[in-house]
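Undergrad: Structure in structure tokens, see below.
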Amino acid sequence: MATQTTGDLKLSGLTKEFDTFTAVHPMDLVIPQGSFFALLGPSGCGKTTTLRMVAGLEQPTAGRIHIGDTEITDTKAHQRNVNTVFQSYALFPHMSVLENVEFGLRRRGDKNAVAKAKEALELVQLGEVARKKPAQLSGGMQQRVALARAVVNRPDVLLLDEPLGALDLKLRRQMQIELKRIQQEVGLTFIHVTHDQEEAMTMADTIAVMNAGRIEQLGDPATLYERPASTFVANFLGQSNLLKATVTGPAQNGEVPVTAYDTALTVAADHVPDGVKEVWLGVRPEKLRMGEHGGPNRLHGTVTDVSFTGVATQYLVRMPWGRELTVVQQNDGSNRARPGEDVTVSWAAEHGFALDASQAADAGVEEEG
Amino acid sequence: MAEGAAVVGTGAPVRKPVRRGRWVPYALLAPGLLWLVVFFVVPMITLGSQSLQEGNIDEGYVFTGNVSIYADAVQRYWPHLLRSVGYAGTATVLALLLGYPLAYFMAQKAGRWKNILLILVIAPFFTSFLIRTLAWRNILSDDGPVVAFAQSIGFTSLLQAIGLTSNDTLLASKFAVICGLTYNFLPFMILPLYASLERLDPRLVEAAGDLYASPREAFRRVTWPLSLPGVVAGTLLTFIPAAGDFINSRLLGNTETVMIGQVIDSQFLRVLDYPLAAALSFILLTMIVVLVTFYVRKAGTEELV
């Protein structure tokens, strides 16, 4: 499906300035047809503004929007073949569920509006509530009606603005799977705006991490997680331990030697940006091992805190220079360390990543609240 | 765990829910009910009985159960009754046409000017109804600038041609009475409209646009139906008092524009034919109740005000 390039969504230099600040800095982005794309970032990063510009609800200050070869920058919202699932659902309260779903089809004079709307309601498994009013449904059901109302029009691009934000955790997990299933079934381009990194990683093929009106990094979930390009991404997607380190020599056998706090360590060469000497050396908590079997990179410290979370145990290990590393261990039956115990923490060279040290180490920390 | 639960269970004995004040709702209802009984129910009964009495002011009235007075009243005054409904209906439609855009603007677009505009809508109430209507006599006076302007653009000729005025001026005409009614009851139209449009979520209109509805279609399918409760409330609050009004037709009209309220007024206070006046009051009341019931059924809403 992604091989057909006629329906790709292209943003070129798309910019939005409000009176006092720039919400979206000039943005270039191509979203392939049929992909599930996520715009991820903390609130105020410009992701919703970007979405609203694609929907035609906000006029860009500069830049162009194309779907395939057709430019839609100046097309009115109601003339764009783009539909939105709103955060608040925005279901029409005076219409039945079925009438809500038929709305878009009827505006375009579709003769089979009723049949198609019923089919869409079946798709979201709500066929039996077609006659009810939205207010009679639960939040999760309303969310699915909003989805059916948009999907039924088979738009070129379907926009989802934090569609699961109002649901509780369990329902959210369920809907994430459901959304992914529906997207694969109908094969439309989905653009999903969210501040929930787990949600983005679960569903999207490609994620653009946004920060302060710019895309920090674009890639598939695994790449973003394993090889973040900035400290913001490293911290915003999951947790990262960042150590100040210096590159000490050229790569040998695909590994770059570095020194952190007088300890010689190594990082996989393709995880190090070119031409940078001072770096943040990052390792994900679950890549660290208690003991020496994790790999040749070793640090010694004292356990200061142990918290049991069920599937895993999370340790805080204080390093001689005062910083604490977070280590997450699977509860695989091995002995648990106790607070006060002196331990060795180890990891393999390919589990580390290096980032330019000119960035703030705490960018993106705790921003999702 | 079960033991712990048992301890908690016995530790805090279940307190009986206190049956606190079953009389409270009645006590809260009482003043209003009393008011309605003394100032509405009793006068209605008196008025009803009055309409079925015969006699005159000097010798006193005797109850005779003379129902035929209703037939007489309708026969003599049906043109006034119809005229009242016609004028009030026209004024209501005009008030809706003027009030809806204003209320929409205030509720959805005015932002921080909202409150100031609301005060401006209510401001005329600071002067008496009578004074305001008298002011219209000055505004529309024959040698005033308004008439001169209306004449110069041919507006007076147009009004004359369609029968709203009888000469080349504005005052003392159907036109002036309907203008007066529209003006005087406009706030009663605007306020309920404002209240229901204020509750309208602008995101619904956005969603309609997103679902291929042109701005016109979005208004027709979303904004208008969702503001219907306000439309119904506003039209009722305008139509009902306008249909019984007796000030506008007296101050701004002529002998051809007499409305039923004016007739009742003069029967009660000048002719002193109490039974006829009482009967006319009841006819007006019944007529309005029937029309309003029909209208509300038609509008299909129970969410009045």
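The values are calculated or read from the model by the stated rules, or taken from the named source; none is laboratory data. Treat the numbers as computed from the prediction; the structure is a model and nothing was measured. Cβ placement follows ideal geometry from the backbone for every residue including glycine, while neighbour counts extend to all protein chains displayed. Side chains are part of the model used for accessible areas, which takes the heavy atoms of the whole protein and leaves out ligands, DNA and RNA. Shrake-Rupley method; radii C 1.70, N 1.55, O 1.52, S 1.80 Å.
Undergrad: Once you place label points 7 Å from the Cα toward the Cβ at A:T22 and B:S141, how far apart are they in nm?
TA: Distance between the two pseudo-spin positions: 6.5 nm.
Undergrad: Sticking with this one: At 1.4 Å probe size, with no ligands or nucleic acids counted, give the accessible surface of B:D142 in Å², nearest ten.
TA: B:D142 exposes around 90 Å² with every protein chain in place.
Undergrad: If you don't mind, there's one more thing I want to ask. So how do B:W35, B:W113, A:W321 rank on accessible area, 1.4 Å probe, biggest first, that is with the largest at the start? All intermediate terms of the calculation are to be shown ahead of the outcome.
TA: Values: B:W35 160, B:W113 135, A:W321 75 Å².
The residues order as B:W35, B:W113, A:W321, largest area first.
Undergrad: Per residue of segment A:216-230, in order, report the coupling 6.51 cos²θ - 1.76 cosθ + 1.60 (Karplus, θ = phi - 60°) as ³J(HN,Hα) in whole Hz, putting x for Gly and Pro.
TA: My calculation for segment A:216-230 gives 7, 7, 10, x, 7, x, 5, 4, 4, 6, 7, 10, x, 8, 8 Hz in order.
Undergrad: While we're on this one: Report relative contact order for segment B:31-137 in percent, whole number only (criteria: Cα-Cα under 8 Å, sequence separation at least 6).
TA: Value for segment B:31-137: 10 percent.
Undergrad: Given the protein chains as shown and a 1.4 Å probe, how many square angstrom of A:R154 are accessible, to the nearest 10?
TA: 110 Å²
Undergrad: What share of the DSSP beta bridges in chain A is antiparallel, in percent to the nearest 5?
TA: In chain A, approximately 75 percent of DSSP beta bridges are antiparallel ones.
Undergrad: Give the relative contact order (percent, whole number) for segment A:239-355; include only Cα pairs under 8 Å separated by 6+ residues.
TA: For segment A:239-355, the relative contact order is 31 percent.
Undergrad: Mind jotting down the distance between the C-alpha centroids of segment B:68-104 and segment B:230-249, whole Å?
TA: Taking the Cα centre of segment B:68-104 as reference, the centre of segment B:230-249 is 8 Å away.
Undergrad: Subtracting the Cα-Cα distance from 0.36 nm times the residue separation, let me have the gained length for A:N253 to A:R64 in nm, one decimal.
TA: Working: separation 189, 0.36 × 189 = 68.04 nm, distance 4.59 nm.
This chain segment gains 63.4 nm when fully extended.
Undergrad: Another one. Under the definition of partner shielding as Cβ atoms of other protein chains within 10 Å of a residue Cβ, what is the mean value for peptide A:72-83?
TA: 3
Undergrad: Let me ask you something else. Among B:V37, B:G253, B:L52, flag the residue with its Cα farthest along the positive direction of the charge dipole of chain B, charges on Cβ as +1 for Lys/Arg and -1 for Asp/Glu.
TA: Among B:V37, B:G253, B:L52, the one farthest towards the positive end of the dipole of chain B is B:V37.
Undergrad: May I pose another question? Sorted by accessible area with a 1.4 angstrom probe, largest first, how do A:D262, B:D273 fall?
TA: My answer, sorted largest first, is A:D262, B:D273.
Undergrad: Can you give the average number of partner chain beta-carbon atoms within 10 Å of each beta-carbon in peptide A:93-105, as a whole number?
TA: For this peptide, the per-residue mean of nearby foreign Cβ atoms is 3.
Undergrad: Oh, and also: Please name which of A:L164, A:L9, A:H195 has its Cα lying farthest along the dipole of segment A:9-226 towards the positive end, using unit charges on Cβ (Lys, Arg +1; Asp, Glu -1) and the Cα centre as origin.
TA: The residue sitting most towards the positive pole is A:L164.
Undergrad: To the nearest 10 degrees, how steeply does helix A:169-186 sit against the main Cα axis of chain A, on a 0 to 90 scale?
TA: 60 degrees
Undergrad: As a test of reading the structure, rank B:W78, B:W136, A:W347, B:W224 by solvent-accessible area (1.4 Å probe, protein chains only), most first.
TA: B:W78, B:W224, B:W136, A:W347
Undergrad: For segment B:175-201 and segment B:128-163, what is the centre-to-centre distance using only Cα atoms, to the nearest Å?
TA: So the two Cα centres are separated by 21 Å.
Undergrad: To the nearest 20 debye, what is the magnitude of the charge dipole of the protein assembly as shown about its Cα centre, counting +1 on the Cβ of each Lys and Arg and -1 on the Cβ of each Asp and Glu?
TA: Values: 58 positive and 64 negative charges, 378 e Å.
Computed about the Cα centre, the dipole is about 1820 debye.
Undergrad: Got a number for the accessible area of B:E54? Probe 1.4 Å, square angstrom, nearest 10.
TA: 90 Å²
Undergrad: Multiplying the sequence separation of B:I153 and B:I131 by 0.36 nm and subtracting their Cα-Cα distance, what value in nm do you get? Intermediate results must be reported in sequence, preceding the final value.
TA: Numbers: separation 22, 0.36 × 22 = 7.92 nm, distance 2.91 nm.
Extra length available between B:I153 and B:I131 comes to 5.0 nm.
Undergrad: Select from segment A:242-324 those GluC sites (Glu not before Pro) which occupy a DSSP coil region and have at most 13 other Cβ atoms within 10 Å, ordered by residue number.
TA: Working: sites: A:E255, A:E278, A:E286, A:E292, A:E324; in loops: A:E292.
Passing both the DSSP loop test and the Cβ count: A:E292.
Undergrad: Follow-up. So for the pair B:E59, A:Q125, with labels modelled 7 Å out along Cα→Cβ, what separation do we get in nm?
TA: Modelled inter-label distance: 8.8 nm.
Undergrad: Please report, in debye to the nearest 20, how large the charge dipole of segment A:3-127 is about its Cα centre when each Lys and Arg carries +1 at its beta carbon and each Asp and Glu carries -1 there.
TA: Once rounded to the nearest 20, the dipole reads 240 debye.
Undergrad: Hey, got the dipole for segment B:76-304? About the Cα centre, +1 on K and R Cβ, -1 on D and E Cβ, debye to the nearest 20?
TA: Dipole magnitude for segment B:76-304 comes out near 200 debye.
Undergrad: Using a Förster radius of 22 Å, what is the FRET efficiency between B:L228 and B:L285 based on their Cβ-Cβ separation? Nearest 0.05, please. Don't jump to the answer; show the numbers that get you there.
TA: Numbers: r = 26 Å, r/R0 = 1.18.
That gives a FRET efficiency of 0.25.
Undergrad: Next up: Ignoring ligands, DNA and RNA, how much accessible area is buried between chains A and B, both sides summed, with a 1.4 Å probe, to the nearest 100 Å²?
TA: Numbers: alone 17270 and 18920 Å², together 34370 Å².
That pair of chains buries around 1800 Å² in total.
Undergrad: Let me ask something else. Quick one: 3J(HN,Hα) in Hz for segment A:37-54, Karplus 6.51/-1.76/1.60 with θ = phi - 60°, rounded, Gly and Pro as x.
TA: Residue by residue, segment A:37-54 yields 10, 10, 9, 10, x, x, 5, x, 8, x, 5, 5, 4, 4, 4, 5, 5, 5 Hz.
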